[in-house]
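The values are calculated or read from the model by the stated rules, or taken from the named source; none is laboratory data. Everything numeric in this text was worked out from a predicted model, so none of it was measured. Note that we place each Cβ from the backbone using ideal geometry, even for glycine, and neighbour counts take in every protein chain shown.
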Amino acid sequence: MSRQERKPLRLAVVGHTNTGKTSLIRTLLHRRDFGEIDNRGGTTRQVASAALAVDGETLITLYDSPGLEDAPGLIEWLEALPGERHDGPDRIHRLLTEDRARARFDHEARVLDLMLNVDVALYVIDAREPVLEKYQDELAVLALCARPMLAVLNFVVSPDSREAEWRDALARVGLHTVLAFDAVVRDPATERRLFEKLASQLDAFAPTLQTWLAHREGEEEQRLAAACQSVAELLIDVAAAERLAELGAPAQRARVMDELKKAVRKREQVCVATLLDLYRFGREDYADEDLPLSDGRWSEDLFDPDTLKYHGIRAGGHIGAGAGAGAMVDVATGGLSLGTGTLVGAAVGAGVGLVRGFGTRLGDRLRGRERLMIDDPTLRLLAARQLELLAGLRLRGHASQAPLKPAERKSWAENKLPDEIHVARRHPGWSALNMAHGSDPARGRAVAQLARLINRNFLKSGPDGR
Ligand SMILES: Nc1nc2c(ncn2[C@@H]2O[C@H](COP(=O)(O)OP(=O)(O)OP(=O)(O)O)[C@@H](O)[C@H]2O)c(=O)[nH]1
Ligand SMILES: [Mg+2]
C-alpha cells in the first residue's frame, strides 16, 4: 500500500467525565506517560493529541477531550435557538461562536469544536452507570456534529455492568457500532476488533487502519521474540555459571557460593529490567510490597526453598547423597561419566549443586577443587518467574493503576528442562557470569534455539499462561 493511498485519520475520544477516555488512549498508545488519570472526574481539561505513527508517518491522531458534564444545559440552549433546526453542524457552530455560550459551556465547547474537526469519534461509556437522560442528551448533542461515531463500553467486566441495557439504548438512537473494551486491559484481540470496526465504517481510511494494524501486530511479535531472547540469555548464563572452590575449605566454599548466588540474583534483575523496558513499563509498576515482585526484585528470594514450593517446583536432590544427588552430578557435568572417583558433596545449601570430579577433562581442571553450579530447580524457578512476569506484562494496559500481577505459568515447573540448558552446563565460556566468558557462536545458536522454544511454548499456552 503506498503512502498516497493512506489518508491520516483524526480520531476523537469523547464521553461523560470519568468514563476512562484518557485510560483508553494510553492503552491504545502503549504509553503510560500520556495525560492524567484520576478517579475524581474533570481530570482532563484541554484537548490533547498523540500520534500513532509508523516510520515517521502519522497514520492516526488520537485526541483526548475533557469529559462532558452539562449536556442537558446544551440541549436546552440549542433548542431555544431560533431558525433552521435540521442542520446540526450549523447549530453547533452557532453555539461555538456565541461568547456567552462558550463561556458557560467551557468544557463542552472544546469537545464540540474537536468533534467538528475529526473524521470519527469514540464515545466512551461507563457501563456500570444506568442509561440516564443526561447521557442520552450527550448522544443527541454529539449526533448534531454529524460525525461517524463508535460506542465503547468500558467497565463491562464489573459485576455492576449494564452492558445489555446500554446496547439497547444505543441501538435506539441509531448507534449500532458498539464495542466492549476494558480500557485498562491490553488485549490485542479487542484492539484489533476496534480498528477493524473503524475500517468497516470508514471506507476512505481502511488502508490507513489496516497499515496500522499490520504494524502493531508485527511490533508485538518482535517484542515477544526479544523478550524470549532475553529470558533465554538469562537461562544460559545461569546454567553455565560456575565457581570453583578448594576442596576441604568450607569457609571458602560458603563465600564462593554466596558470591555466585549474588551474581545470579543480579543477573535476574537485568532480565526483569529488560522485560519491563520492552513492554514500556517502569519501576512504579511493581513497587508494591505485597507482590512477589517488589522494588525491582522479587521479595521471595530466588534461593529460598519456600520460593520453589510457592511455584510448585520440587527441590533438587543435592542435599545429602543418594539418587537425587547422583542425578545432580550427571546433569551438572552434562552427562560426562566421572568414573568411580566421583564424589558428591553434601548439603551445600539450596540452589547450588556441588560437583567433585576426577580423571576427566573436567576433572583435570577440577583437581583438588570442587565445582559449584546453579541447580535445575532454581533454573526452573528463574524461567517460571520471567515467564510469569512476561505473561503479566503482555496483558497489562498502560492505563493500569493496579499493581502488576505476574500470571501463573505451570509448564516450567513441571516439564523436562530443554537440552540447551544441559549443554550450557558443559560450557563455562557461555556464561557472562564466569571469568572464562568468551564469544562462542554455539552459544548464540543455543540461545536462539531456546528463545524459539520459549516463544512457541508461550504462545501455545496462551498469552495469559493458561
Ligand atoms: N477498573 C477499571 N478502571 C478504569 C477503567 N477505565 C478507567 N478506569 C479508572 O477510571 C478512572 C477515570 O479514568 P480516566 O481515564 O481518567 O477517565 P476520563 O474519562 O479521562 O476522565 P476525565 O478526564 O476526568 O473526564 C481512573 O481512576 C481509572 O483508573 C477500566 O477499564 N477498568
Ligand atoms: Mg481524561
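Residue-wise test of (1) surrounded by fewer than 21 Cβ atoms within 10 Å (Cβ to Cβ); (2) within 27 Å of the chain's Cα centre (by Cα); (3) modelled with pLDDT of 80 or more; (4) in a helix (DSSP H, G or I).
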residue: Thr378; (1), (2), (3), (4): no, yes, yes, yes
residue: Ala384; (1), (2), (3), (4): no, yes, yes, yes
residue: Gly392; (1), (2), (3), (4): no, yes, yes, yes
residue: Val447; (1), (2), (3), (4): no, yes, yes, yes
residue: Arg456; (1), (2), (3), (4): yes, yes, yes, yes
residue: Gly462; (1), (2), (3), (4): yes, yes, no, no
Flagged in the stretch 20-39 as of a type outside the set (D, E, K, R), near ligand 2 (Cβ under 10 Å from one of its atoms) and over 19 Å from Gly282 (Cβ atoms), in numbering order, are Gly20, Leu24
Somewhere in the stretch 398-421, is a residue assigned to a helix (DSSP H, G or I), of a type outside the set (A, V, I, L, M, F, W, C), at pLDDT 90 or above and more than 16 Å from ligand 2 (Cβ to nearest atom)? yes
Those residues of the stretch 45-67 that are more than 16 Å from ligand 2 (Cβ to nearest atom) and either assigned to a strand (DSSP E or B) or among the aromatic types (Phe, Trp, Tyr) (or both) come to a total of 9
- Answer with yes or no whether Gly42 is in a loop (DSSP other than H, G, I, E, B) and either away from ligand 2 (no atom under 11 Å from the Cβ) or out of contact with any Asp or Glu (no Cβ under 6 Å at 6 or more places or on another chain) (or both). yes
(message) Whether any residue in the stretch 71-81 is of a type in the set (Phe, Trp, Tyr) and farther than 30 Å from Tyr279 by Cα is what I want to check.
(response) yes
Of those in the stretch 129-159 that are within 26 Å of the chain's Cα centre (by Cα) and not aliphatic (A, V, I, L, M), the residue surrounded by the most Cβ atoms within 10 Å (Cβ to Cβ) is Asn154
Checked the stretch 103-138 for anything away from ligand 1 (no atom under 16 Å from the Cβ), under 24 Å from Ala48 (Cβ atoms) and at pLDDT below 95; matches are Ala103, Arg104
Contact list, first residue from the stretch 221-240 and closer than 15 Å to Val264 by Cα, second anywhere and small (Gly, Ala, Ser) and not in a helix (DSSP H, G or I), beta-carbon distance below 6 Å, six or more apart or interchain, is Asp237/Ser431; Asp237/Ala432; Ala240/Ser431
Checked the stretch 14-58 for anything on the phi > 0 side of the Ramachandran plot and more than 10 Å from ligand 1 (Cβ to nearest atom); matches are His30, Asp55, Gly56
Quick count over the stretch 15-39, residues being part of a loop (DSSP other than H, G, I, E, B) and either of a type in the set (Gly, Ala, Ser) or without any contact (Cβ under 8 Å) to a residue 24 or more places away in the chain (or both), is 6
Of Asp90, Asp113, Asp70, the only residue that is more than 28 Å from Asp38 (Cα to Cα) and more than 16 Å from ligand 2 (Cβ to nearest atom) is Asp90
The helices (runs of 4 or more DSSP H) lying wholly within the stretch 92-152 that contain at least 2 residues that are touching a Lys or Arg at 6+ places or on another chain (Cβ under 8 Å) are 106-116
